[in-house]
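*Asks:* Structure incoming, see below.
The values are calculated or read from the model by the stated rules, or taken from the named source; none is laboratory data. All values derive from a computational prediction rather than experimental measurement. Please note: Cβ atoms are built from the backbone with ideal geometry, for glycine as well, and neighbour counts cover all protein chains shown. Side chains included, ligands, DNA and RNA excluded: accessible areas come from the protein's heavy atoms. Shrake-Rupley method; radii C 1.70, N 1.55, O 1.52, S 1.80 Å.
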Amino acid sequence: MTIQPFGFDRIFRFPNNEPVVDERRHDELREHVEELQARIERLHEDHVAELARARADGFEAGLEQARGERAEAMLAATDALHASIDDVERRFDAVMDQVVAEAGSVALQAAELLAGHAIAAQPARAIDEALTRALDQVARDTALSIRANPAMREDIERLVEERRARERRTLSIVVVDDETLPMGDAHIGWAEGGLNVDSAARRAAVMAELAGVLDQESDQPEGA
């Protein structure tokens, strides 16, 4: 049996449950945490900025779309207004053409009624007026003949006598019956010429005066 000497001077170390603090590692961790926090803050700021930018872009896009829709609506409304104005103008022109045409017809009827009334009231008046024009054209002492319907002889002779009384010259006028002539018509003749009193011609003259108005009625399309 071998006996070893006991070393009283040997140092014994027992394990310690408390962790060993490494100051350098602790600083590195703190810096890393601060860096992460700064990065999170930057990401948050970038997110807020990006969100604000997206909202601004969305608002601008919506505003631009609204402007476009408003412009289209205004254009459509303007086109509709122009179409309405054109339709109103066409209707107004049609109404005016109809009014003018009706006015022409009324004027013609009025002229015919007035002419008919004048002939009925004074059937020889037109002949007397024509005799005045004939006397202005012929030389003094020219013999004239008035051919007219026999029913007008008395009125014509009375007008001739009244004219003889007014004139300072001798009038050679003879009244000749002509049953072929209608009431109000006559033929005043002399050696070198003559003058017709024609109710149809008078009506044609009235028609010529109103031709511009009556043509508008005839030029209107059917159903206008």
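*Asks:* Collect the residues in the range 135-157 that are touching a residue at least 12 places away in the same chain (Cβ under 8 Å), in a helix (DSSP H, G or I) and open to solvent by 60 Å² or more (accessible area, probe 1.4 Å), keeping them in residue-number order.
*Replies:* GLN137, ALA151, ARG153, GLU157 - these are the residues of the range 135-157 that are touching a residue at least 12 places away in the same chain (Cβ under 8 Å), in a helix (DSSP H, G or I) and open to solvent by 60 Å² or more (accessible area, probe 1.4 Å).
*Asks:* Report yes if some residue within the range 122-134 is open to solvent by 60 Å² or more (accessible area, probe 1.4 Å), small (Gly, Ala, Ser), at pLDDT 85 or above and closer than 21 Å to LEU181 by Cβ; otherwise report no. Even if it seems obvious, please write down each step before you answer.
*Replies:* Our first condition is that a residue be open to solvent by 60 Å² or more (accessible area, probe 1.4 Å); within the range 122-134, this holds for 122, 125, 129, 133.
Narrowing further to those that are small (Gly, Ala, Ser): none.
Checked the range 122-134: no residue is open to solvent by 60 Å² or more (accessible area, probe 1.4 Å), small (Gly, Ala, Ser), at pLDDT 85 or above and closer than 21 Å to LEU181 by Cβ.
*Asks:* Just need a number here: residues in the range 182-195 that are in a loop (DSSP other than H, G, I, E, B) and either touching a His at 6+ places or on another chain (Cβ under 7 Å) or within 14 Å of ALA134 (Cβ to Cβ) (or both). Walk me through how you get there before you give the answer.
*Replies:* Initially, the range 182-195 is screened for residues in a loop (DSSP other than H, G, I, E, B), giving 182-185, 191-192.
Filter once more, keeping what is either touching a His at 6+ places or on another chain (Cβ under 7 Å) or within 14 Å of ALA134 (Cβ to Cβ) (or both): 191-192.
Number of matching residues: 2.
*Asks:* Another question, then. Considering only the range 176-187, I want to know if a residue exists there that is at pLDDT below 90 and loosely packed, with under 11 Cβ neighbours inside 10 Å.
*Replies:* Just the residues of the range 176-187 that are at pLDDT below 90, to begin with: 182-185.
Add one more test, that the residue is loosely packed, with under 11 Cβ neighbours inside 10 Å, and what stays is none.
No: zero hits.
*Asks:* Let me ask you something else. Is there any pair with a first residue in the range 76-101 that is open to solvent by less than 90 Å² (accessible area, probe 1.4 Å) and a second that is in a helix (DSSP H, G or I) whose Cβ atoms are under 7 Å apart and which are 6 or more apart or on different chains, and what are they?
*Replies:* From residues that are open to solvent by less than 90 Å² (accessible area, probe 1.4 Å), the pairs are ASP97/GLN216; VAL100/VAL213; VAL100/GLN216; ALA101/VAL213; ALA101/GLN216; ALA101/GLU217.
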